[in-house]
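The structure appears below as structure tokens.
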Amino acid sequence: MSNLFNPDRVILATTHAIERARAQGRNEVEPDDLLIGFLLAVSRFGVAQIGSVSVDLVALGLRFDLDEPEPGVKPRYSLRAAGAFDRAVRVARGDGAGRVLPIHFLAVLGEPGVPTFDRLAANHGLDYASWRAALASCTLPDEATMPADAPTEGEHAATVRPPEDSALLSPEEAAKVLGMHIQTVRGYIRSGKLPAFRIAGERAIRIRRHDVFALLEDRGPADGVATRPRN
Amino acid sequence: MATFVAIRNLPGITPDALMGAGARVKSCAAGMQGEGTDVRWIRSFFLPEKSQTHCYFEGPDMASVKELNERAQIPFVEIVEVAEMTPASI
């Protein structure tokens, strides 16, 4: 999964932002700290790949290490930084995502007046619109749009062996039974084509086995290639 | 570790702003844990008819919970210590 869509990277990014403010002895975490935190959190080898835009963090003058924090400094979010969280949530909702992801923060933090974005925009010949366009070109994985039961990294279909007598199946097990990709099954659930249920108070989704088999139409001998009308 | 509740009056709060506040408090708790203060946000309940939110935290003392809320820029009316009671505990 791209780090742009990795929810675990949100805490990594915000922690870096807070640490950065502490290291500089500032009492407020600013949007610039957050933008730097998110660029670092989504980067690999010092490069944040945002669609077709390769942001070299070293060229931006960003450092991966931080100075020792000033003792006694306990920075809070500035009002502007706090507002960025609310806007990122709005963007995530508009994006159909079940949770706020690094890409949503990058969409709201990359705006004129944020010093690091101004430098980034100048280096790459970007403006706010083209920055968002670069982000928009990154495809949101289906699992990020699912509020629940997203498979963990490393989990794969080969490990799923539904018991034959189970009346309820997980989406992964249903995909295995149907011989389809898990994302296709998730799409069926989202569209209502395949009824699914959430276990009360839990994130897990379960599908009735007979609903899975109901997807299998009996096409009958008359529906074969040989009986198809000729043009 | 003790449990505390932060009571907030948030008239006109939107669902997005509630989620944004949740993301801030989560990130600030992680920051404070990194600084050595083991304070955690446990859960929150929103009372729509009263526009009030009750947010539950675990922490070493009230001061750390207060600091967490201030750093996350989330206003509160008061923070008080609570004693937990569940059906299983009776």
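The values are calculated or read from the model by the stated rules, or taken from the named source; none is laboratory data. The structure displayed is predicted, hence computed values, not measured ones. Neighbour counts are summed over all protein chains in view; Cβ atoms, including those assigned to glycine, are modelled from backbone coordinates with ideal geometry.
Evaluation of A:ALA121 against the conditions (1) in contact with a Phe, Trp or Tyr (Cβ under 9 Å, 6 or more places away or on another chain); (2) in contact (Cβ under 8 Å) with a residue 60 or more places away in the chain; (3) assigned to a helix (DSSP H, G or I); (4) of a type in the set (A, V, I, L, M, F, W, C) shows that the sole unmet condition is (2). When region B:49-90 is filtered for residues that are among the acidic types (Asp, Glu) and modelled with pLDDT of 95 or more, the ones remaining, listed by number, are B:GLU58, B:ASP61, B:GLU67, B:GLU70, B:GLU78, B:GLU81.
For B:VAL39, the conditions (1) touching a Leu at 6+ places or on another chain (Cβ under 8 Å); (2) closer than 26 Å to A:ARG90 by Cα; (3) among the β-branched types (Val, Ile, Thr) all hold with the exception of (2).
Residue-wise test of (1) of a type in the set (A, V, I, L, M, F, W, C); (2) outside any helix (DSSP H, G or I).
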{"position": "B:LEU18", "(1), (2)": "yes, no"}
{"position": "B:GLY22", "(1), (2)": "no, no"}
{"position": "B:CYS28", "(1), (2)": "yes, no"}
{"position": "B:PHE46", "(1), (2)": "yes, yes"}
{"position": "B:VAL65", "(1), (2)": "yes, no"}
{"position": "B:GLU70", "(1), (2)": "no, no"}
{"position": "B:VAL80", "(1), (2)": "yes, yes"}
{"position": "B:MET85", "(1), (2)": "yes, yes"}
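Is there a residue being in a helix (DSSP H, G or I), under 19 Å from B:CYS28 (Cβ atoms), in the same structural domain as A:ARG132 (by TED's automatic domain parsing) and touching a helix residue (DSSP H, G or I) at 6+ places or on another chain (Cβ under 6 Å) anywhere in region A:62-80? The answer is yes, given that some residue of region A:62-80 is in a helix (DSSP H, G or I), under 19 Å from B:CYS28 (Cβ atoms), in the same structural domain as A:ARG132 (by TED's automatic domain parsing) and touching a helix residue (DSSP H, G or I) at 6+ places or on another chain (Cβ under 6 Å).
Go over the candidates A:GLU164, A:GLU153, A:GLU217 one by one and state the one that is modelled with pLDDT under 80 and within 25 Å of A:ARG93 (Cβ to Cβ). Among A:GLU164, A:GLU153, A:GLU217, only A:GLU153 is modelled with pLDDT under 80 and within 25 Å of A:ARG93 (Cβ to Cβ). Among the residues of region A:84-101, the ones that are in contact with a strand residue (DSSP E or B) (Cβ under 9 Å, 6 or more places away or on another chain) and more than 7 Å from chain B (Cβ to nearest Cβ) come to 1 in all.
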